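Have a look at this one before I ask anything.
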Amino acid sequence: MMSFPDRGVLFGAAYYHEYQPYERLKTDLDLMAEASFTVIRVGESVWSTWEPENGRFDLDWLRPVLDGAHERGISVILGTPTYAVPPWLARLYPEIAGERATGQRIPWGARQEVDFTHPAFRFHAERVVRKILERYASHPAVIGFQVDNEPGNELLHNHGVFQRFVDRLRHRYGDVETLNRAWGLVYWSHRLADWADLWTPDGNAQPQYHLAWRRFQAEQTTEFIAWQAGIVREYARPEQFVTTCISYERPAVDDAELTLALDVTAGNPYYAMQDGLAHPGAGDQPQFWTTTGTWALYLSADRMYSSKQAPYLVSETNAQSIGFPWNNRPAYDGQWRQAAWALISRGATMIEYWHWHTLHFGAETYWGGVLPHSGRPGRTYREIARLGAELAAAGELVAGLTPDAGVAMLWSAESKWLMQRFPPLAKGERDPDERAYHGLFDPFYRGAFDAGVPVRILHAGHLDGPGEAARRYPVLVASGLYIADDITLAWLVAYAEAGGHLILGPRTGYADEEARARSEPAPAVVGGPAGVRYDEFSNLSSPVPVRATGGDLELPPGATATRWIDGLEAGGADVLARYEHPHFGRWPAITTRAHGHGRITTVGTVPGPELAAALFRWLAPPGEGDWRDTPPSVTVTGATARDGRRVRFVHNWSWDPVPFRPPVPVTDALTGEDVEGEVDLGPWDVRVLVVR
């Protein structure tokens, strides 16, 4: 297992000496050392440099980089280059090309175009990995290994992949009649008489098939990464870690399963800078592989922590502009510090930028690095060097933090996959929203964030005993949990019985593990204990006002229901809020009911930001010494250090300087000075405070 370095949070960038237009290794490494870099990542993108032609290897070019880094006390993460195949391999073995549709090969010329399950690819991939490791695994600069890079980019339709899918179904279901019943293949005359009758996924319209296909694709990615990790461990020293960097929006990734074979999670959070980090934000912004809004940056951090329920590495994040030549928005002064400390506050134990030197060629010519095209240190370098000095001053205190968790939220990769193909939510009036799962999950997360309540994201495989979960997480949100077996739903009920407060959101408990709509009243299993049921539901074209009707839930005037309404019928539950609408007003918006030692609250809509924040202020009211009494642009995040000390991260996400008074005595972790009275927060500022 990975041992986090005693020197604190790792800090650095991906470094490609082989991409430089002229010799500048010493200059680069000296600049890194001056910026307090402690780590670089190398080697993962250049298979054709490691092996210029079939069987001829050039391994010596990296040695000066490793030696120079080691001389300056900079550690190295060594990457395996299997995600970017060389031209000679594509030419000699055209059959290894991946297929996005059956029989339609992905054109070569970018990256990750390959069927990584093909034996010819595996042979050559293993050979180059072993050659690199034989040469450099023992180098004293190397502290860990990254296998491949952002895996799961394609849903592969190759013949061999499909045949293995059929084999997987045959082993799981045993015979076609069992599969016919499980998938409801009587529908539209899809009953199979033989396994050979199974159609390829290209034209499939059966939800049960789609879910099985997506599960299988993620399993293929997990197997591939575990295979590489096994090879690396034959060479790695006990103290060296093995990881891969995850892009969480890739279609063939189940991060909780993928990371089981790895020592530590590593992820690549990219975010909109400049006004994209303003808080409060200017309305809802669409989320893609990049995030927009402070709440979404924290959601990325909590997703990375969730994979192994442990501290993680940030293997890539913003240096300058990211993405495309038409999207040039480098950060305002202070925002690099803000984003890095936000990630650290939620468990990051490495901040590594992509990348060191802005490229002079290739598809990512305008994806900015720490240094600009001139190679001369500028504003970005100075800002990042400032952060490096702060991390050096903070030392071990901020490495491997356990972030606070006032609320837990249950994540369902399978529900997300199904909703990408069969989304319950629309974009506009009628267009399907392929991000429908996020549309059901994210508003609850944002509501907690806006209310100042920290979130711990859990996967189904992380659920321990209901009683222990109720003790650790007094509030648990299950929204969008469309795919759920009886065991999981029964666990949710037991969690409430044990004293937890269960929050049910839309679509939870509607389908079983095969994506079949359940025959009992919705929400299945949990509806009886919750004291609610519904048979009818509706999409919303525009927000509907919601008003409080009972209990101690207080709602602001701007509280609204958005996008979806369940026609809840309260049967023993207390009604806390209703819709102000001539039709939808017949149904409760929010109900609650005591169950066992706990409670189940049902939210029958996607809450707008004001409604969601009010809901979480009710669920987790502030107590004495609470840090949530802040100016609107200020957020406070808490965590526990490995030595038990409590750390608070106070951010001002705006141009306007603001004062903030800590509710308890604190010390500035970066200066060592005790704080007396108010903390002055400048524009786009952050302070790291230790509770005395």
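Can you tell me which of (1) assigned to a loop (DSSP other than H, G, I, E, B); (2) more than 19 Å from A296 (Cα to Cα); (3) not basic (K, R) is the one T488 doesn't meet?
(1) is the only condition that T488 fails.
Scanning for something surrounded by fewer than 20 Cβ atoms within 10 Å (Cβ to Cβ), assigned to a strand (DSSP E or B), under 29 Å from the mean Cα position of the chain (by Cα) and in contact (Cβ under 8 Å) with a residue 24 or more places away in the chain, does the stretch 539-550 turn up at least one residue?
Yes, there is a match, as at least one residue in the stretch 539-550 is surrounded by fewer than 20 Cβ atoms within 10 Å (Cβ to Cβ), assigned to a strand (DSSP E or B), under 29 Å from the mean Cα position of the chain (by Cα) and in contact (Cβ under 8 Å) with a residue 24 or more places away in the chain.
Here is a further query. Just a yes or no: is a residue in the stretch 183-198 within 24 Å of P251 (Cβ to Cβ) and assigned to a helix (DSSP H, G or I)?
Looking through the stretch 183-198, at least one residue is within 24 Å of P251 (Cβ to Cβ) and assigned to a helix (DSSP H, G or I).
Within the stretch 378-387, is there a residue that is touching a residue at least 24 places away in the same chain (Cβ under 8 Å), in contact with a strand residue (DSSP E or B) (Cβ under 8 Å, 6 or more places away or on another chain), assigned by TED's automatic domain parsing to the domain that holds R24 and not aliphatic (A, V, I, L, M)?
Yes, some residue in the stretch 378-387 is touching a residue at least 24 places away in the same chain (Cβ under 8 Å), in contact with a strand residue (DSSP E or B) (Cβ under 8 Å, 6 or more places away or on another chain), assigned by TED's automatic domain parsing to the domain that holds R24 and not aliphatic (A, V, I, L, M).
Could you please find all residues in the stretch 354-377 being surrounded by 22 or more Cβ atoms within 10 Å (Cβ to Cβ), more than 28 Å from Y298 (Cβ to Cβ) and either without any contact (Cβ under 8 Å) to a residue 12 or more places away in the chain or hydrophobic (A, V, I, L, M, F, W, C) (or both)?
Answer for the stretch 354-377, where residues must be surrounded by 22 or more Cβ atoms within 10 Å (Cβ to Cβ), more than 28 Å from Y298 (Cβ to Cβ) and either without any contact (Cβ under 8 Å) to a residue 12 or more places away in the chain or hydrophobic (A, V, I, L, M, F, W, C) (or both): just L371.
I'd like the residue in the stretch 131-181 that is without any contact (Cβ under 8 Å) to a residue 40 or more places away in the chain and acidic (D, E) and, out of all such residues, is surrounded by the most Cβ atoms within 10 Å (Cβ to Cβ).
Ranking the qualifying residues of the stretch 131-181, first place goes to E177.
Another question, if that's okay. So E223 passes all but one of these: (1) within 21 Å of the chain's Cα centre (by Cα); (2) part of a loop (DSSP other than H, G, I, E, B). Which condition number does it fail?
Just one mismatch for E223, condition (2).
Looking at N153 and the list (1) part of a loop (DSSP other than H, G, I, E, B); (2) out of contact with any Pro (no Cβ under 8 Å at 6 or more places or on another chain), which single condition is not satisfied?
So N153 meets the others, but not (2).
Out of the residues in the stretch 552-583 that are under 22 Å from I600 (Cα atoms), part of a loop (DSSP other than H, G, I, E, B) and acidic (D, E), state the one that is modelled with the lowest pLDDT.
To start, the set of residues in the stretch 552-583 that are under 22 Å from I600 (Cα atoms) comprises 552-555, 559-562, 564-579.
After this cut, where a residue has to be part of a loop (DSSP other than H, G, I, E, B) as well, the list is 552-555, 559, 567-568, 571-573.
From what is left, the residues that are acidic (D, E) are 552, 554.
Values: D552: 91, E554: 96.
Applying the filter and picking the extreme gives D552.
Let me ask something additional. Exactly one of (1) buried (at least 21 other Cβ atoms within 10 Å of the Cβ); (2) assigned by TED's automatic domain parsing to the domain that holds G144; (3) not in a strand (DSSP E or B) is unmet by I351. Its number?
(3)
So how many residues does the stretch 584-606 have that are touching a strand residue (DSSP E or B) at 6+ places or on another chain (Cβ under 9 Å) and outside any strand (DSSP E or B)?
Summing the residues that are touching a strand residue (DSSP E or B) at 6+ places or on another chain (Cβ under 9 Å) and outside any strand (DSSP E or B) in the stretch 584-606 gives 5.
Kindly indicate whether W47 is in contact (Cβ under 8 Å) with a residue 12 or more places away in the chain, under 30 Å from the mean Cα position of the chain (by Cα) and in the same structural domain as A137 (by TED's automatic domain parsing).
Spelling it out, W47 is indeed in contact (Cβ under 8 Å) with a residue 12 or more places away in the chain, under 30 Å from the mean Cα position of the chain (by Cα) and in the same structural domain as A137 (by TED's automatic domain parsing).
Can I ask one more? For the stretch 182-199, give me each residue that is surrounded by fewer than 16 Cβ atoms within 10 Å (Cβ to Cβ) and not aliphatic (A, V, I, L, M).
Result: Y187, W188, S189, D194, W195, D197, W199.
The values are calculated or read from the model by the stated rules, or taken from the named source; none is laboratory data. Not measured: the values here are computed from a predicted model. Ideal geometry is used to build each Cβ from the backbone, glycine not excepted, and the neighbour counts take in all protein chains shown.
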